[in-house]
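**Q** This is the structure I want to talk about, given as structure tokens.
No value in this document is a laboratory result; all are computed from the given coordinates. Small disclaimer: the values here were computed from a predicted structure and weren't measured. Using ideal geometry, Cβ is built from the backbone for each residue, glycine included, and neighbour counts are taken over all protein chains shown.
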Amino acid sequence: MQTTVLDKFKIVLAGTTHPGNIGAAARAMKTMGLSRLALVSPKIYPSAEATARAAGADDILANAGVYGSLQEAVQDCVMVFGTSARIRNLSCPLLSPEQAVAELLEYAHKPAEVAIVFGRERTGLTNAELDLCHKTIVIPSNPDFSSLNLAAAVQIMCYELCKTTRTDAVVRVESGTQIDLVSIDDLNHLYSHLREVMIQIRFLDPQKPRRLMRRLKQLFNRSNLDQNEYNILRGILTAVQESLSKK
Ligand code: SAH
């Protein structure tokens, strides 16, 4: 089978309660040419209802990865966008579906992977999950009734991807900047290292962390760190630790 830029996109469903929505999301993906589904702690899965609602997209279900946390599901990705029906406090930059797809396509070059994450039916994504996301996508809707069905939200994002890639995405991706972005896994190592150093220099009180780490994560999510910048920051942190140990 021919691979396309759509194969770089992972659709991640976090904490889905109704297996029917998982099947309907797989169907939505397949109709738009997407194939990579990741499930984070689904409540009931596998399930006959999911297979029934997939209506022939069972191959997507069969190949879906199942993970214990969002961190694990996206650790190979360099760009992760969450979706939300609500604008929350301290939220990361908000994008429309069109803006999000245009940005993600810039990064979906080899060997980078990108992800779009969808939340639970009742409660959406947790703050910790949103903190893993570089940006948040909000699908424009009725302000008094803004929450779409999960699979309907997946359908809209996949449609947007399908529509855009059919026209100009291939050209865009080929000519896109080949930035060597860090993966979520690397970022997580940077956060642990930074936290450790901030505790050592008494900038962060682990008993009263407040929102310091969340704010820093959002800062780094906005900055699209590349591998070189990541190495510099890790190097600085290590130098701080070496200098402390000499005192
Ligand atoms: N009350 C929940 C709604 C969850 S709807 C909340 O406040 O987030 C289930 C999922 O569908 C959401 O987590 C999101 O991934 C997606 N979704 C629903 N409506 C959306 C919208 N208008 N924009 C973006 N994503 C939406």
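**Q** Please verify whether residue 154 is on the phi < 0 side of the Ramachandran plot, within 9 Å of the ligand (Cβ to nearest atom), crowded, with 18+ Cβ neighbours inside 10 Å and in contact (Cβ under 8 Å) with a residue 40 or more places away in the chain, treating the condition exactly as stated.
**A** Answer is yes for this residue.
**Q** Output the residues belonging to the stretch 129-138 that are assigned to a loop (DSSP other than H, G, I, E, B) and more than 11 Å from the ligand (Cβ to nearest atom).
**A** Answer for the stretch 129-138, where residues must be assigned to a loop (DSSP other than H, G, I, E, B) and more than 11 Å from the ligand (Cβ to nearest atom): 132, 134.
**Q** Looking for something among the charged types (D, E, K, R), touching a helix residue (DSSP H, G or I) at 6+ places or on another chain (Cβ under 6 Å) and in contact (Cβ under 8 Å) with a residue 24 or more places away in the chain - is there at least one such residue anywhere in the stretch 64-76?
**A** Scanning the stretch 64-76 turns up no residue that is among the charged types (D, E, K, R), touching a helix residue (DSSP H, G or I) at 6+ places or on another chain (Cβ under 6 Å) and in contact (Cβ under 8 Å) with a residue 24 or more places away in the chain.
**Q** Given the criteria free of Cβ contacts under 8 Å to residues at least 60 places away in the same chain, in contact with a helix residue (DSSP H, G or I) (Cβ under 9 Å, 6 or more places away or on another chain) and buried (at least 20 other Cβ atoms within 10 Å of the Cβ), does residue 136 qualify?
**A** Details: free of Cβ contacts under 8 Å to residues at least 60 places away in the same chain: yes; in contact with a helix residue (DSSP H, G or I) (Cβ under 9 Å, 6 or more places away or on another chain): yes; buried (at least 20 other Cβ atoms within 10 Å of the Cβ): yes.
Yes.
**Q** Another question, then. Quick check on my filter: what residues within the stretch 1-19 are surrounded by fewer than 19 Cβ atoms within 10 Å (Cβ to Cβ) and farther than 21 Å from residue 112 by Cβ?
**A** Result: 17, single match.
**Q** Restricting attention to the stretch 139-151, which residues are part of a helix (DSSP H, G or I) and near the ligand (Cβ under 7 Å from one of its atoms)?
**A** 150 - this is the single residue of the stretch 139-151 that is part of a helix (DSSP H, G or I) and near the ligand (Cβ under 7 Å from one of its atoms).
**Q** For the stretch 30-128, which helices (runs of 4 or more DSSP H) that fit wholly inside it have 3 or more residues that are under 20 Å from residue 148 (Cα atoms)? Steps first, please.
**A** Details: elements: 48-54, 58-62, 70-73, 97-107.
Result: 48-54, 97-107.
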